[in-house]
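Visitor: Quick one: the structure is below, and I'll ask about it shortly.
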Amino acid sequence: MIFVASGGVAVADGPGDPTAVKKEDDGKWLDKEGNPTYKISADGTVDWFTYSGYRRYHSDCHVCHGPDGMGSTYAPALKDSVKSMSYGDFIGVIASGRKNISTAQENVMPAFGDNPNVACYMDDLYVYLRARSTDAWGRQRPSKKEEKTEAYTKAEDACMGKK
């Protein structure tokens, strides 16, 4: 089964090999399947999407999902969830939310598709969590990062409604 979301193609059984093989004009790295992925240089410099994803995660997601994607008593560890979710499923859950009900508890992930502070950065969040899921990046804030590209800035401004 193949999903198409946000311009990328993803396999349904998880993200697969995270090795970055192609860089787009906006600075986003893609793996061989076309999924957004991270690129961390030998000197510890992270790509812009990993850095931005770290910042966005700790701005919006950590309240429920715990620090650094490690989960909480309230919500699951996203660094583990992303290991088995396709890129398309990840984007779908963020945009539309999800409700899991069992005899023991009810878990609700609200929809963030209408919140530009989350929706405009879904790829960033995915890339950061993917780096966390493979232990390519630890719990610390990235101290070295690639510069934000002009193409990224234009896309961000358009998504946020700036002229």
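The values are calculated or read from the model by the stated rules, or taken from the named source; none is laboratory data. Everything numeric in this text was worked out from a predicted model, so none of it was measured. Note that we place each Cβ from the backbone using ideal geometry, even for glycine, and neighbour counts take in every protein chain shown. What goes into the accessible areas is simple: the full protein's heavy atoms, side chains included, and nothing from ligands, DNA or RNA. Shrake-Rupley method; radii C 1.70, N 1.55, O 1.52, S 1.80 Å.
Visitor: Scan region 78-108 for residues that are open to solvent by less than 50 Å² (accessible area, probe 1.4 Å) and of a type outside the set (Val, Ile, Thr) and jot them down.
Guide: Within region 78-108, the first condition is being open to solvent by less than 50 Å² (accessible area, probe 1.4 Å), and the residues that meet it are 78-79, 81-82, 85-88, 90-95, 97.
Correct list: Leu78, Lys79, Ser81, Met85, Ser86, Tyr87, Gly88, Phe90, Gly92, Ala95, Gly97.
Visitor: Considering each residue of region 59-76, count those that are more than 15 Å from the chain's Cα centre (by Cα) and assigned to a helix (DSSP H, G or I), and give that number.
Guide: Qualifying residue count for the region: 2.
Visitor: Name the residue that is least open to solvent (accessible area, probe 1.4 Å), counting only residues in region 59-73 that are closer than 12 Å to Asn117 by Cα and of a type outside the set (D, E, K, R). Please lay out each step first, then the result.
Guide: Just the residues of region 59-73 that are closer than 12 Å to Asn117 by Cα, to begin with: 59-61.
Next, only the ones that are of a type outside the set (D, E, K, R) stay: 59, 61.
Numbers: Ser59: 69, Cys61: 25 Å².
For region 59-73, the residue satisfying everything is Cys61.
Visitor: From the list Lys79, Lys32, Lys83, Lys99, exactly one residue is assigned to a helix (DSSP H, G or I), free of Cβ contacts under 8 Å to residues at least 60 places away in the same chain and charged (D, E, K, R). Which is it? Working first, answer last.
Guide: Details: Lys32 fails: assigned to a helix (DSSP H, G or I); Lys83 fails: free of Cβ contacts under 8 Å to residues at least 60 places away in the same chain; Lys99 fails: assigned to a helix (DSSP H, G or I).
Just one listed residue meets the conditions, Lys79.
Visitor: Could you check, for region 119-130, whether at least one of its residues is open to solvent by 10 Å² or more (accessible area, probe 1.4 Å) and over 20 Å from Tyr152 (Cβ atoms)?
Guide: The first filter runs over region 119-130 and keeps only residues open to solvent by 10 Å² or more (accessible area, probe 1.4 Å), leaving 119-120, 122-123.
Now narrow it down to the ones that are over 20 Å from Tyr152 (Cβ atoms): none.
No, there is no match, as no residue in region 119-130 is open to solvent by 10 Å² or more (accessible area, probe 1.4 Å) and over 20 Å from Tyr152 (Cβ atoms).
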